[in-house]
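Throughout, read-outs are computed from the coordinates displayed, never taken from laboratory work. Please read all numbers here as calculations on a predicted model, not as lab measurements. Cβ placement follows ideal geometry from the backbone for every residue including glycine, while neighbour counts extend to all protein chains displayed.
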Amino acid sequence: MAALYLADAQQVIEAADLIATFGDEAPVEAAIRAGRMRDIGNYVHFCRWRQTERLIAVMSSDEAVGTVH
């Protein structure tokens, strides 16, 4: 898995909201939103939505990610 960067706690809330609303399709919705931002030239929000997409994958996984102590 690629490194995960969280800009702020709001990003976790956004990811949780997408999971609650779209279920298994939440990563797809985040990718669609990232694409829209890229298309209008808003690269800051494009990057944020791509990271949210990765965060959703981590939050939805049953496996531990990273170092487990």
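Structural remarks
- Residue match in segment 34-48 (condition: part of a helix (DSSP H, G or I), touching a residue at least 40 places away in the same chain (Cβ under 8 Å) and under 13 Å from the mean Cα position of the chain (by Cα)): yes
- Looking only at segment 25-57, and only at residues there that are crowded, with 19+ Cβ neighbours inside 10 Å and among the aliphatic types (A, V, I, L, M), the one that is farthest from ILE13 (Cα to Cα): ALA34
- Flag: THR52 matches the condition of being among the polar types (S, T, N, Q), in a helix (DSSP H, G or I), out of contact with any Ser or Thr (no Cβ under 9 Å at 6 or more places or on another chain) and within 19 Å of GLU63 (Cα to Cα).
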